[in-house]
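The numbers here are math on the coordinates, done by the rules we state, and not lab data. Predicted model only: the values in this text are computed from it and were never measured. Cβ coordinates were reconstructed from backbone atoms using ideal geometry, including for glycine residues, and neighbour counts include every protein chain displayed.
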Amino acid sequence: MSNQIKNQSQILQKMGIEQLNPMQNEAIDAIGESKEILILSPTGTGKTLAFLLPLIQRLDPLLSVTQLLIIVPARELAIQIEQVIRDMGTGYKVNAVYGGRSGSKEKIELTHAPAILVGTPGRIADHIRRDRITLSGIKSLVIDEFDKSLEIGFEKEMKEIVGSLYALDRKILTSATHKEEVPGFLKFGDPVKLDYLNTKSQILDLSWVHSTQNTLDTLLNLLETLGEKRGIIFCNFKDTLDGVSEFLDENNVEHTCFFGGMEQIERERSLIQFRNYSHRTLLATDLAARGIDIPGLDYIVHYEMPTRQEEFTHRNGRTARMNTNGSAICIKGKNDKIPEYARGIKTKEIIEGGKIPKNKWKTLFVSGGRRDKISKGDIAGLFIKKGELDSSELGVIELKTDCAFVAVSSSKAAELCNKLNNERLKKKKVRISTI
């Protein structure tokens, strides 16, 4: 027990977390003592860390097979969890597998089995069929956002995966909704149920803005009022999103987009730029309503109201998270009808704002990563020493397997590209460019 506490303490210290919340503490105890656990908690409350901390303690460092399998509904969530595990600095190998990237590349990665494998149902099932995953060592299974996987049609693959895991002794399901019953193929007997869905310590300011003009002009006025605040503008359809994006471009409003039709690499880069404050406005479809972790949002805007109350709730869950307040603003056009689920919400007037400020940060691409034995410290050293950058001008560094993304002061971005391009990081000469 003392060793477990020591390891957990080191992980939290490395991640800059002072203390866990009640849900996380209860989940850690439950996973340590029970074989079947259902965690119901809103998006952004730290479910990932809640199941990772105790399950990593159960890994055997002497085994060279996969021991923990985490199934997720979306590529972004797979990438996100993989990054969290790397940030924990446990020393265990982790890989993420998902559609939209090279299956042959994943085949090579799986040759040296990761202790922890994260992935989407379709891609995991495919690797199992091809005998690329040793199943005998997988003792722990997590199905994160399990209801979402069922909702988007992955039941067949999930049933196939679960049916093949004959050595399981821990099953954990997580969800941010009460909607779905636990499916029969999971063979849950009497699981420990942790329900934190109705525990609210944050305040959501929910309001309507009635547009007396073109809704695009109303949106622009609203963004002028919001100023430097960070948030997501939700649209129902890609065609609407394209029109809003074009309008924002015409009015010099910096933003980035996120929707299902984008190439995977573009979706990843869009989220990176939003997370590191290179863009404060994300224009998205409901793909961004769940399954991705973007901390610190001040607001969300419903440019179009969703057809279902469930999606309305999930969108609103992007703000007012983890003991912070936030706001959700619904735009009503002249001829729009207010959905039944949104009646009774107060109306607010838009206070005239000023010019929308430019973003203070810009993201640079670095063509070297973990595979080249490059660390965040190496990158920071290059930018501060050879790039002559003040530490206050260096923002978030996201390190990937074969590259890195660095937020720098917008005013220094072009200069840094010229100064540092083709410099060496460790033994690798790297290319540096804006994205």
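Worth a mention:
- Taken one residue at a time, the phi angles of the stretch 353-368 give Karplus couplings (6.51, -1.76, 1.60, θ = phi - 60°) of x, x, 6, 6, x, 6, 5, 7, 10, 9, 9, 10, 9, 10, 8, x Hz. Gly and Pro are set to x.
- Averaging over all projection directions, the Cα-based convex hull of the chain occupies 22.0 nm² in the image plane.
- Amide proton proximity set for Val396, modelled H, under 5 Å, gap of 5+: Ala407
- Averaging the Cα positions of each part gives two centres, and for the stretch 352-377 and the stretch 87-109 these lie 24 Å apart.
- Amide hydrogen neighbours beyond the local backbone of Glu145, cut-off 5 Å, H modeled: Thr174, Ser175
- Alpha carbon centroid spacing (whole Å) that separates the stretch 1-72 from the stretch 183-261: 30 Å
- Coordinate range along principal axes, alpha carbons of the stretch 152-305, Å, largest first: 58, 36, 28
- Kirkwood-Stokes translational diffusion coefficient of the stretch 2-195, alpha-carbon pairs, 37 °C, 0.692 mPa s, µm²/s: 196 µm²/s
- Distances between placed amide hydrogens fall under 5 Å for Leu283 paired with Ile233, Thr256, Cys257, Phe258, all partners being 5 or more residues away or on another chain.
- For the peptides 48-54, 334-340, 221-227, 401-407, residues were scored by their other Cβ atoms within 10 Å and the scores averaged per peptide; the highest-first order is 48-54, 401-407, 221-227, 334-340.
- Listed from fewest to most Cβ neighbours within 10 Å, the set Asp239, Asp217 follows the order Asp239, Asp217.
- DSSP-assigned coil residues among chymotrypsin sites (Phe, Trp or Tyr not before Pro) in the stretch 209-282, each with at most 12 further Cβ atoms within 10 Å: Phe237
- Residue-averaged 222 nm ellipticity for the chain, from DSSP H runs of 4+ at -39500 (n - 2.57), nearest 500: -9500 deg cm²/dmol
- A viscosity of 0.692 mPa s and a temperature of 37 °C, combined with the Kirkwood radius over C-alpha pairs in the Stokes-Einstein formula, give the stretch 182-236 a diffusion coefficient of 203 µm²/s.
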